[in-house]
Amino acid sequence: MKKRKGILGLLALVGMAVMSLAGCTQLASNPKVDNWDKYQEQGTITIGFDNTFVPMGFEEKNGQYVGFDIDLAQAVSEKLGFKVQFQPIDWDMKETELQNGTIDAIWNGYSATDERREKVAFSIPYMENQQVLVSKKSQNIQSVSDMAGKVLGAQAGSSGYLDFEAQPELLKNIVKDQKANQYQSFNEALIDLQNDRIDALLIDRVYANYYLKTEGILDQYEIFPAGFESESFAVGVRPADKTLLANLNKAFVELYQEGKFQEISQKWFGEDVATSQIKGKEN
């Protein structure tokens, strides 16, 4: 009898623990409706990001999330009246995570491309970006034409890789095997570049400059345009989340008017990177 009571007691404790965990778990958002009331009620939204993308949003050795987008998202969330929960995700699965409702926004150097607009609603752009090729100076690769027969690397699911596939005449058709070695993160790709396992890397200019400068090896590398059109970083949300989108846009402009956007920009880039839309000069 004592044994049975002990088992029943243990089951009760397990049940309470499960209920407690369930209470702490944020429910997935309904991808088919405007979730603004839900966000206000729970007091949080979940932002999906690649936690290796310096300097936009990344995880430090102590586990803290830092970066330009992290600071900007927190400043915006204060204006919206709720907190941000940052969720590291597989960057190749970002749109799937958004559509499933497990995250509420993609915010991490996320380029607003035509292909992505088919599934995602974008905020006004807040920063310009360019896809570049990075190679060691010892490789003597200084232009796209020098990539003939060379091994290229790219991050899977990145806007650079999408451009590479969508516009093969610019780069894909001339590199070795007409393909790019794909990596889960730019960090992994840069390690292979440093160890001569690839000849060049297709990467965001903002990442390349920050990483190489921070590592103290900027003078050892060539950085040049990959030939694709310049792009803009924006926040991606579900098309049904119209209220969230409108409030994001409003918060961006207000932060610039108050000088907060410039403060964050100076901290990470040493200059004002705001687009004309953020400055309120364009719709």
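The values are calculated or read from the model by the stated rules, or taken from the named source; none is laboratory data. Just so it is clear, the model here is predicted, and its values are computed rather than measured. Because the Cβ atoms are built from the backbone with ideal geometry, glycine has one as well, and the counts that use them run over all protein chains shown.
Odds and ends about this structure:
- Of all residues in the range 100-121 being surrounded by 14 or more Cβ atoms within 10 Å (Cβ to Cβ) and of a type in the set (S, T, N, Q), the one that is farthest from GLU258 (Cα to Cα): THR102
- Against the numbered list (1) over 19 Å from PHE186 (Cβ atoms); (2) in a strand (DSSP E or B); (3) not basic (Lys, Arg), ASP219 comes up short only at (2).
- Restricting attention to the range 67-86 and to residues that are touching a strand residue (DSSP E or B) at 6+ places or on another chain (Cβ under 7 Å) and outside any helix (DSSP H, G or I), the residue that is surrounded by the fewest Cβ atoms within 10 Å (Cβ to Cβ) turns out to be LYS83.
- Test: GLN40 is at pLDDT 50 or above, farther than 30 Å from THR214 by Cβ and outside any helix (DSSP H, G or I): no
- Restricting attention to the range 214-256 and to residues that are over 30 Å from GLY101 (Cβ atoms) and among the β-branched types (Val, Ile, Thr), the residue that is surrounded by the fewest Cβ atoms within 10 Å (Cβ to Cβ) turns out to be THR214.
- Residues in the range 137-162 that are buried (at least 18 other Cβ atoms within 10 Å of the Cβ) and either polar (S, T, N, Q) or within 30 Å of ASN247 (Cα to Cα) (or both): GLN155, SER158, SER159, GLY160, LEU162.
- Within the range 255-283, the only residue that satisfies the criterion of being of a type in the set (Gly, Ala, Ser) and outside any loop (DSSP other than H, G, I, E, B) is SER265.
- Among the residues listed as LYS119, LYS94, the single one being farther than 19 Å from LEU202 by Cα, assigned to a helix (DSSP H, G or I) and of a type in the set (Lys, Arg): LYS94
- Considering only residues in the range 122-136 that are closer than 14 Å to VAL273 by Cβ and among the polar types (S, T, N, Q), the one that is surrounded by the most Cβ atoms within 10 Å (Cβ to Cβ) turns out to be ASN129.
- Qualifying residue in the range 196-206 (condition: crowded, with 19+ Cβ neighbours inside 10 Å, without any contact (Cβ under 8 Å) to a residue 60 or more places away in the chain and assigned to a loop (DSSP other than H, G, I, E, B)): yes
- The range 27-66 - residue that is of a type in the set (Asp, Glu) and either farther than 17 Å from LEU248 by Cα or in contact with a strand residue (DSSP E or B) (Cβ under 6 Å, 6 or more places away or on another chain) (or both) and, of those, surrounded by the most Cβ atoms within 10 Å (Cβ to Cβ): ASP50
- Residue list for the range 228-283, restricted to those being among the polar types (S, T, N, Q) and touching a strand residue (DSSP E or B) at 6+ places or on another chain (Cβ under 9 Å): SER230, SER232, SER265, THR275, GLN277
Each row is one residue, and each column tells you yes or no for (1) within 18 Å of GLN74 (Cβ to Cβ); (2) over 17 Å from the mean Cα position of the chain (by Cα); (3) surrounded by 15 or more Cβ atoms within 10 Å (Cβ to Cβ).
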position: LYS176; (1), (2), (3): no, yes, yes
position: ALA180; (1), (2), (3): no, yes, yes
position: ASN187; (1), (2), (3): no, no, yes
position: LEU212; (1), (2), (3): no, yes, yes
position: GLU258; (1), (2), (3): yes, yes, no
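- Residue check, ALA28 within 20 Å of GLN266 (Cα to Cα), at pLDDT 70 or above and among the aliphatic types (A, V, I, L, M): no
- Residue count for the range 156-176, restricted to those that are more than 11 Å from GLN131 (Cβ to Cβ) and in contact with a strand residue (DSSP E or B) (Cβ under 6 Å, 6 or more places away or on another chain): 2.
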